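Okay, structure first, notes after.
The values are calculated or read from the model by the stated rules, or taken from the named source; none is laboratory data. Note that the structure is predicted; figures quoted are calculated from it, not measured. FYI the Cβ positions are ideal-geometry reconstructions off the backbone, even for glycines, and counts take in every protein chain you see.
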Amino acid sequence: MPTNCSKDQFNANAHKYAVSDVHRAGLSLPVLLNFTEPVKDDQLLDVATGTGHTALTMAPFVARAIGIDLAPKMLEQARRLAIEQGASNCDFVEGSAEKIPFEDGQFTLVTARHALALEFVGTGRVLAFQEPMLVVRLEHLSDDGASSVR
């Protein structure tokens with residue numbers, strides 16, 4: 001059966017992503033962990049989580065980690081891995097980076113790793129990033145509405 005969108009492609013290969021060394025334990029994971037400087041009261045959103053490796057790596061360091069992804073089979077793998085790893089503070093939700101299914105202000109830390117360009121395939125929008133990851137830390141807003149983004 002031919003795949004005609006990124007969701008189909010990821011669903012068909014979810015089991016491979018779950019065991020992929022690059023995704024499970026790639027060099028960018030410790031860099032991401034160090035860069036984000038998570039704290040125990042952080043609420044993490046991992047966008048385009050795939051099989052959840054980034055969210056699961058961050059989970060021991062935050063209050064709650066939620067991963068969103070378009071592909072339900074990827075999320076099934078993420079949930080399985082969370083159970084295997086005992087990550088009780090980690091949840092996975094089907095959703096798009098273009099329409100995040102959460103209210104504003106719920107997260108203090110947002111990450112995305114490896115899949116930024118792929119998230120938008122087939123939407124008519126092309127996004128390209130030179131770096132393989134994105135981190136946004138949302139600090140308390142000041143009176144003028146400014147926040148800290150890195």
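Output yes when any residue across segment 11-23 is modelled with pLDDT under 85 and within 21 Å of Lys99 (Cβ to Cβ), and no when none is.
yes
Quick check on segment 61-69. Is at least one of its residues farther than 13 Å from Asn89 by Cβ and either surrounded by 14 or more Cβ atoms within 10 Å (Cβ to Cβ) or modelled with pLDDT of 95 or more (or both)?
The answer is yes; a qualifying residue exists.
Which residue is nearest to Asp69 (Cα to Cα), if the candidates are limited to segment 5-55 and must be among the aromatic types (Phe, Trp, Tyr) and in contact with a helix residue (DSSP H, G or I) (Cβ under 8 Å, 6 or more places away or on another chain)?
Filtering first and then ranking leaves Phe10.
Please determine, by comparing only the residues of segment 39-52 that are buried (at least 22 other Cβ atoms within 10 Å of the Cβ), in contact (Cβ under 8 Å) with a residue 40 or more places away in the chain and not charged (D, E, K, R), which one is nearest to Gly86 (Cα to Cα).
The residue in question is Gly52.
Looking at segment 25-35, which of the residues that are surrounded by fewer than 16 Cβ atoms within 10 Å (Cβ to Cβ) and modelled with pLDDT under 80 is farthest from the chain's Cα centre (by Cα)?
Going through the qualifying residues, I end up with Leu27.
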